[in-house]
Amino acid sequence: MGTECHYFICDVGNREEVYQMAKAVREKTTKAFLPRMLELQNGHIVCLNSVLALSAIPGAIDYCTSKASAFAFMESLTLGLLDCPGVSATTVLPFHTSTEMFQGMRVRFPNLFPPLKPETVARRTVEAVQQNQALLLLPWTMNILIILKSILPQAALEEIHRFSGTYTCMNTFKGRT
């Protein structure tokens, strides 16, 4: 056929290998498609990430660091595309989504920070892409996180984490990260 096929092999039982593979796939996929997008001046790269990219929690170190890496990758890519007409990037940072992945995770104020429905995350992601929105935090209250992290000292942030229960939210965790 003349078509070159690429594949990735990953031991899904090895958490570190899964995260390394996700990073490699993200970078190689972007490198594979971005040149043509730039040539056509048409395209959009989307990264469905996690708010844990910005605010890590105990009990999910590997997950949080992989999400922080993806966030930095997308932030750099988004800035690099500012002068590239027709090509954009969107990073989506949802809070706890009601899937098996974070089953058993409990927050102290579930009315303020309810688990998101996957359909809501999907719909809002499509809307963000349609509006060329570079960054989407879900729910909207997560935007406060960015403001607080930029103005408060670390000790104050730690007290907020203690009060809000984010330091203990994984104690009842039954899912998989």
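The values are calculated or read from the model by the stated rules, or taken from the named source; none is laboratory data. Everything quoted here is computed from the prediction, not taken from an experiment. Heads up, the Cβs are rebuilt from the backbone with ideal geometry, glycines too, and the neighbour counts pull from every protein chain shown.
Residues in region 57-90 that are over 22 Å from residue 40 (Cβ atoms) and not small (Gly, Ala, Ser): 57, 58, 61, 62, 63, 64, 65, 67, 71, 73, 75. Number of residues in region 28-75 that are touching a residue at least 40 places away in the same chain (Cβ under 8 Å) and either buried (at least 16 other Cβ atoms within 10 Å of the Cβ) or in contact with a helix residue (DSSP H, G or I) (Cβ under 6 Å, 6 or more places away or on another chain) (or both) equals 22.
Looking at 120, 97, 91 in this structure, which one is closer than 18 Å to residue 136 by Cβ and touching a Cys at 6+ places or on another chain (Cβ under 6 Å)?
Values: 120 fails: touching a Cys at 6+ places or on another chain (Cβ under 6 Å); 97 fails: touching a Cys at 6+ places or on another chain (Cβ under 6 Å).
Sole residue among the options that is closer than 18 Å to residue 136 by Cβ and touching a Cys at 6+ places or on another chain (Cβ under 6 Å): 91.
Of the numbered conditions (1) on the phi < 0 side of the Ramachandran plot; (2) exposed (fewer than 12 other Cβ atoms within 10 Å of the Cβ); (3) assigned to a loop (DSSP other than H, G, I, E, B), residue 133 satisfies every one except a single condition; which is it? Unmet for residue 133, out of (1) on the phi < 0 side of the Ramachandran plot; (2) exposed (fewer than 12 other Cβ atoms within 10 Å of the Cβ); (3) assigned to a loop (DSSP other than H, G, I, E, B): (2).
Would you confirm whether any residue within region 95-113 is more than 23 Å from residue 165 (Cα to Cα) and touching a Leu at 6+ places or on another chain (Cβ under 8 Å)? Please lay out each step first, then the result.
So in region 95-113, the residues more than 23 Å from residue 165 (Cα to Cα) come out as none.
No, region 95-113 has no match at all.
Restricting attention to region 100-114, the residues that are more than 15 Å from the chain's Cα centre (by Cα) and surrounded by fewer than 16 Cβ atoms within 10 Å (Cβ to Cβ) total 10. Taking the criterion of being in contact (Cβ under 8 Å) with a residue 12 or more places away in the chain and among the β-branched types (Val, Ile, Thr), the residues of region 122-161 that qualify are 125, 129, 141, 146, 160.
Okay, residues lined up against (1) at pLDDT below 85; (2) closer than 28 Å to residue 16 by Cβ; (3) out of contact with any strand residue (DSSP E or B) (no Cβ under 7 Å at 6 or more places or on another chain); (4) part of a strand (DSSP E or B):
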| residue | (1), (2), (3), (4) |
| --- | --- |
| 114 | yes, no, yes, no |
| 124 | no, no, no, no |
| 141 | no, no, yes, no |
| 156 | no, no, yes, no |
| 176 | yes, yes, yes, no |
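Selection of region 77-101 for residues being at pLDDT 95 or above and assigned to a helix (DSSP H, G or I) yields 77, 78, 79, 80.
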